[in-house]
Amino acid sequence: MEVKIGVQHAPREISIESAQSAEEVEKAVADAVSGTSTLLSLVDENGHKVLIPADRLAYVEIGQPASRKVGFGASM
């Protein structure tokens, strides 16, 4: 599942492919925003942990898994 995270005072968003379900990501974001947790902690497909201070979150987009494109043709 693709997760895009906007961080305050950062020019680019963080985009990760996570093996976590949408419900798990949503719960982690809700815990961070409500103050239950001081960090938003997510794990990407490769097992790398991404930690973001909760007070720096601007937005979080939870999307669908990205499909992989195969081939050498150029799209027009």
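The values are calculated or read from the model by the stated rules, or taken from the named source; none is laboratory data. These numbers were taken from a predicted model, which means no experiment stands behind them. Ideal geometry is used to build each Cβ from the backbone, glycine not excepted, and the neighbour counts take in all protein chains shown. Just the protein is used for accessible areas: all its heavy atoms, side chains included, with ligands, DNA and RNA removed. Shrake-Rupley method; radii C 1.70, N 1.55, O 1.52, S 1.80 Å.
Output the relative contact order of the chain, whole-number percent, from Cα pairs under 8 angstrom with separation of 6+ residues.
Values: 114 pairs, mean separation 27.7, N = 76.
It comes to 36 percent, rounded to a whole number.
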### Task
Starting from the Cα of Q8, step 7 Å along the direction of its Cβ; do the same at Q64; then give the gap between the two resulting points in nm.
3.4 nm
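Quick check: at a probe of 1.4 Å, how many percent of the accessible area of the chain sits on carbon and sulfur atoms? Can you show the working numbers first?
Working: 2940 of 5620 Å².
The nonpolar share, carbon plus sulfur, comes to 52 percent.
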#### Entry: Summed residue charge, Cβ within 12 Å of A30's Cβ, Lys/Arg positive, Asp/Glu negative
-3
### Task
Please give the net charge around A58, taking every other residue with its beta carbon less than 12 angstrom from that of A58, where Lys and Arg add +1 and Asp and Glu add -1.
0
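With every protein chain left in place, what is the accessible area per residue of the chain in square angstrom, probe 1.4 Å? Numbers along the way, then the final one.
On the way: 5620 Å² over 76 residues.
Counting only protein heavy atoms, the per-residue value for the chain is 74 Å².
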### Message
Taking the 0 to 90 degree range and rounding to the nearest ten, how far is the long axis of helix 22-34 tilted relative to the main principal axis of the chain, both from C-alpha atoms?
### Response
30 degrees
